Structure formats: C-alpha cells, structure tokens
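Written out below as structure tokens is the structure these notes cover.
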Amino acid sequence: MMQSQLNGSRNLEGCDQMTTRAHTHTLNNLSFLTGVVTGSAIAAGLVLCFRPRLRQQMTESLGDLRDTTAATAQALVNDVADVVDRVADAADEVTARAQAVQNEVASTVARGAHAVVHGAREVERFAKAAKTN
C-alpha cells in the first residue's frame, strides 16, 4: 500500500511538472508573438520616419481609399433610399387599391340590402293583397 501511495504521488508530481512546462511553453510563444508584433510596429514607424516619400505615397493612397469608400457609401445610401421610396410607393398603391375594393364591396352590399328591402316590401304587399281577396 505504501508503494501505491508513493507511485500516486510520483504521478501527481509528473502531472505538475507537465503542467508547468505547458504554461512555460505558452508564455514563451506569447512573448515571441508580442516581440514580433512590437518589432513590426517599430520597423514600420522607422520606415515612415526615414522615408518621407513613402509616407507621402501612403498618405495619398489612404486619402484616395477614403474618398473611394465615401463615394461608395454615398452611392449605397442613395440606392437604399431609392428602394425605400419604391417600397413606400408600392405600399401606397396597394393601400389605395384595397380602399377602392373596400368601397366597391360596401356599395355592392348596400345595393343588395336595398334590393332585399324592396323585395321584402313587394312580398308584404303581395301578402296583404292575397289576404283581402
């Protein structure tokens, strides 16, 4: 039993060592990545400082990109506004047609009701006439 407890504690120590190595390896990779990113940023800054022509070209390129992006965005906004206007016009047209149909149905129902009332009066007159004879 002592031997199994001793083996168990050795296994735990082995796991602890493996975990520590994994954390150290991860930290080393993170440090390397941080160094690469920092070095790249510093190098880009130095290039821009010592190469004013390159800086000017990049500034012009970024300005052109900004202008192109703004024009594209404005065109998109205009297209969306046109679509919204067309949808609103179509909705107005459908509403007007629905109102016209509703009015026609109401008129037809009113004419039908009037005809029913007229027919009922005729039946009533016929019944009264038949009763007196």
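The values are calculated or read from the model by the stated rules, or taken from the named source; none is laboratory data. These numbers come from a predicted model, not from an experiment. Neighbour counts are summed over all protein chains in view; Cβ atoms, including those assigned to glycine, are modelled from backbone coordinates with ideal geometry.
What the table below lists for this structure:
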read-out: Matching residues in segment 36-61 - criterion: being small (Gly, Ala, Ser) and at pLDDT 85 or above; value: Gly39, Ser40, Ala41, Ala43, Ser61
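A quick yes/no check of all residues on (1) modelled with pLDDT of 95 or more; (2) charged (D, E, K, R); (3) farther than 30 Å from Leu48 by Cα; (4) surrounded by 10 or more Cβ atoms within 10 Å (Cβ to Cβ):
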position	(1), (2), (3), (4)
Gly63	no, no, no, yes
Arg66	no, yes, no, yes
Glu93	yes, yes, yes, yes
Gln102	yes, no, yes, yes
Phe126	no, no, yes, yes
Lys131	no, yes, yes, no
